[in-house]
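Notes follow once the structure below has been shown.
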Amino acid sequence: MTRTHRPCCAPATAPVAAPSPAAAAEPGPAARPRSTRGQVRLPGGEFAMGDAFGEGYPADGETPVHTVRLRPFHIDETAVTNARFAAFVKATGHVTDAERFGSSAVFHLVVAAPDADVLGSAAGAPWWINVRGAHWRRPEGARSDITGRPNHPVVHVSWNDATAYARWAGKRLPTEAEWEYAARGGLAGRRYAWGDELTPGGRWRCNIWQGRFPHVNTAEDGHLSTAPVKSYRPNGHGLWNTAGNVWEWCSDWFSPTYYAESPTVDPHGPGTGAARVLRGGSYLCHDSYCNRYRVAARSSNTPDSSSGNLGFRCANDAGLTYGSAAE
């Protein structure tokens, strides 16, 4: 079926004030030796990438379905957690884009901030509130913190922040093709990471919205906002939460026409662009608004954008030959 494009559930950053040129030019942390800590090794090979069901938004460019061949690679079992990101910040002093800009987007039902910190809503998506002082340590605003959430995915991280973390961790961001291959868990041409049915056996397999978006969430899946990174079940490759919970940054620039011109072997996205690819959907996705929890679904945002549902996981190179078991 053909869908009308709706604004993505991760708005572009609307800063309180532009960061200073000096702050914007600060170098990232030094690269560390390659590490595969917390990662699974995938053999690579050939798969069909894209939406085989015709369920995507045309502007997202999920078609045509095309053959992709990947070298072996490693990818994180989970999204990066608050605890791991805190270790990075402690070691490097990294200041996130949300902290430098002075505000970030928070979903309206979870805002925890003084009225003076509520700076307005996003155009076309009034459920997103620009909150002064919202960032990874205070994800809902000044009256919140991450106490009790060390194993939840870090949020309010931009592509720039994710790239800086990956460099420090001895890793990199996955390409979009690697992400989809990994998320499919070995299931060819399926709608979700676990099959074609959203709730097999009546059980929720991901953290998305239930109820009437954006005002009533029945939380049948157990969560109003983020869930711990090892919630539900892992997919066939041992990856957790590749649908819902938080959007995950990929390394690629985004283009809605890229699939028509993508190389077959190890595609890395367009050479330039204005936005970076996001994959996986988030706890706010709902069929009536944003059905991007499907494994083929794509979205994008500017590299400096952040919000309460943007996170990431990392990848790494592995063997140099297709399907090789050797490092």
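Could you look through segment 36-61, keep only residues that are of a type in the set (A, V, I, L, M) and outside any strand (DSSP E or B), and pick out the one that is surrounded by the fewest Cβ atoms within 10 Å (Cβ to Cβ)? Checking each candidate, the answer is Ala59. When segment 92-127 is filtered for residues that are of a type in the set (Gly, Ala, Ser) and open to solvent by less than 40 Å² (accessible area, probe 1.4 Å), the ones remaining, listed by number, are Ala98, Gly102, Ser103, Ser104, Ala105, Ala112, Ala113, Gly120, Ala122, Ala125.
Would you mind stating whether Arg100 is modelled with pLDDT under 95 and charged (D, E, K, R)? Criteria not met by Arg100.
The residues in segment 143-168 that are surrounded by fewer than 24 Cβ atoms within 10 Å (Cβ to Cβ) and among the aliphatic types (A, V, I, L, M) can be counted, and the count is 2. In segment 204-221, the residues that are of a type in the set (Val, Ile, Thr) and modelled with pLDDT of 95 or more reach residues that are open to solvent by less than 30 Å² (accessible area, probe 1.4 Å) and outside any loop (DSSP other than H, G, I, E, B) with C-beta atoms within less than 9 angstrom, at least six apart or across chains, in these pairs: Ile208/Gly244. When we screen Val68, Val89 for residues that are assigned to a strand (DSSP E or B), closer than 28 Å to Asp317 by Cβ and open to solvent by less than 40 Å² (accessible area, probe 1.4 Å), the only hit is Val68. Looking across segment 246-277, the residues that are in contact (Cβ under 8 Å) with a residue 40 or more places away in the chain, of a type outside the set (Ser, Thr, Tyr) and in contact with a helix residue (DSSP H, G or I) (Cβ under 9 Å, 6 or more places away or on another chain) come down to Glu248, Trp249, Cys250, Asp252, Phe254, Pro256, Asp266, Pro267, His268, Gly269, Arg276, Val277.
Of all residues in segment 123-145, those satisfying the criterion of being of a type outside the set (Gly, Ala, Ser), under 19 Å from the mean Cα position of the chain (by Cα) and in a loop (DSSP other than H, G, I, E, B) are Trp136, Arg137, Pro139, Glu140.
The residues in segment 224-242 that are in contact with a His (Cβ under 9 Å, 6 or more places away or on another chain) and of a type in the set (A, V, I, L, M) can be counted, and the count is 2. Are any of the residues in segment 78-86 within 16 Å of the chain's Cα centre (by Cα), within 29 Å of Ala182 (Cα to Cα) and aliphatic (A, V, I, L, M)? Yes; the residues of segment 78-86 include at least one that is within 16 Å of the chain's Cα centre (by Cα), within 29 Å of Ala182 (Cα to Cα) and aliphatic (A, V, I, L, M). Taking each residue of segment 39-53 that is among the aliphatic types (A, V, I, L, M) and looking for partners that are open to solvent by 30 Å² or more (accessible area, probe 1.4 Å) and part of a strand (DSSP E or B) with beta-carbon atoms closer than 7 Å, six or more apart or interchain, yields Ala48/Thr67. The residues in segment 242-251 that are open to solvent by less than 20 Å² (accessible area, probe 1.4 Å), among the polar types (S, T, N, Q) and either touching a Lys or Arg at 6+ places or on another chain (Cβ under 9 Å) or not in a loop (DSSP other than H, G, I, E, B) (or both) can be counted, and the count is 1. Is it true that Thr226 is touching a helix residue (DSSP H, G or I) at 6+ places or on another chain (Cβ under 6 Å), in a loop (DSSP other than H, G, I, E, B) and under 30 Å from Arg167 (Cβ atoms)? Criteria not met by Thr226.
Okay, residues lined up against (1) over 17 Å from the mean Cα position of the chain (by Cα); (2) modelled with pLDDT under 95; (3) farther than 30 Å from Leu224 by Cβ; (4) hydrophobic (A, V, I, L, M, F, W, C):
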{"position": "Trp247", "(1), (2), (3), (4)": "no, no, no, yes"}
{"position": "Cys250", "(1), (2), (3), (4)": "no, no, no, yes"}
{"position": "Val265", "(1), (2), (3), (4)": "yes, no, yes, yes"}
{"position": "Gly273", "(1), (2), (3), (4)": "yes, no, yes, no"}
{"position": "Ser288", "(1), (2), (3), (4)": "yes, yes, no, no"}
{"position": "Arg294", "(1), (2), (3), (4)": "no, no, no, no"}
{"position": "Ala297", "(1), (2), (3), (4)": "no, no, no, yes"}
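The values are calculated or read from the model by the stated rules, or taken from the named source; none is laboratory data. Everything numeric in this text was worked out from a predicted model, so none of it was measured. Every residue, glycine among them, receives a Cβ derived from its backbone with ideal geometry; neighbour counts consider all protein chains shown. All accessible areas refer to the heavy atoms of the entire protein, side chains included, with ligands and DNA or RNA removed. Shrake-Rupley method; radii C 1.70, N 1.55, O 1.52, S 1.80 Å.
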